[in-house]
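Following: one structure in structure tokens, then a few remarks.
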Amino acid sequence: MLKSPVEALGHTLWGLEYIQAGKHSTLRVYIDNEKGIFIEDCAETSRQVSAVLDVEDPISTEYTLEVSSPGVDRPLFKAEQYAAYIDETVKIQLTMPVAGSRNLKGTVTGIEGQMLTLTVDGNELIIALDNIRKGNLIAKF
């Protein structure tokens with residue numbers, strides 16, 4: 001429901017995060033653009049997204065809407081995003097442990113369908129994207 005209004009503004013809907021915290025819940029909308037994202041882009045997108053959310057009303061509780069660029073430590077949501085960062089280092093949090101851990105840091109070495117191959121300390125791990133609670137690119141400086 002948010003993809004079309006974001007794309008109409010010339011941006012890509014990178015992903016969504018909903019952080020539940022009672023009356024202090026947050027819906028974070030990440031937008032991206034090959035030219036970069038500026039504060040004006042976030043403000044304009046916030047107005048458009050807010051209008052859609054007011055009409056559709058998908059969240060029945062109180063929440064704060066935030067619109068942001070993914071940044072250098074960008075969150076990763078979809079298989080295509082992980083595929084774009086082959087040979088890059090990521091940090092992921094899992095819902096169910098893999099190799100005895102729910103928190104992993106490693107290099108993305110492949111993606112096939114909904115399965116991510118991550119090399120951690122020389123060991124290749126196969127992880128279902130459905131098992132990833134949160135994934136972020138580790139920025140290189």
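The values are calculated or read from the model by the stated rules, or taken from the named source; none is laboratory data. Computed from a predicted structure; not experimentally measured. Note that we place each Cβ from the backbone using ideal geometry, even for glycine, and neighbour counts take in every protein chain shown.
Residue by residue through region 113-141, note down the ones that are small (Gly, Ala, Ser) and either surrounded by fewer than 17 Cβ atoms within 10 Å (Cβ to Cβ) or not in a strand (DSSP E or B) (or both).
113, 122, 128, 139
Pick out, from region 1-112, the strands (runs of 3 or more DSSP E) lying fully within it that include 2 or more residues that are small (Gly, Ala, Ser).
101-112
Taking interchain pairs and intrachain pairs at least six residues apart, which have beta carbon atoms under 9 angstrom, with the first residue in region 84-98 and assigned by TED's automatic domain parsing to the domain that holds residue 129 and of a type in the set (D, E, K, R) and the second part of a strand (DSSP E or B) and exposed (fewer than 13 other Cβ atoms within 10 Å of the Cβ)?
Taking only residues 6 or more apart or on different chains, the pairs are 91/103.
Which of the residues belonging to region 48-64 are surrounded by 10 or more Cβ atoms within 10 Å (Cβ to Cβ), modelled with pLDDT of 90 or more and closer than 21 Å to residue 22 by Cα?
50, 53, 63, 64
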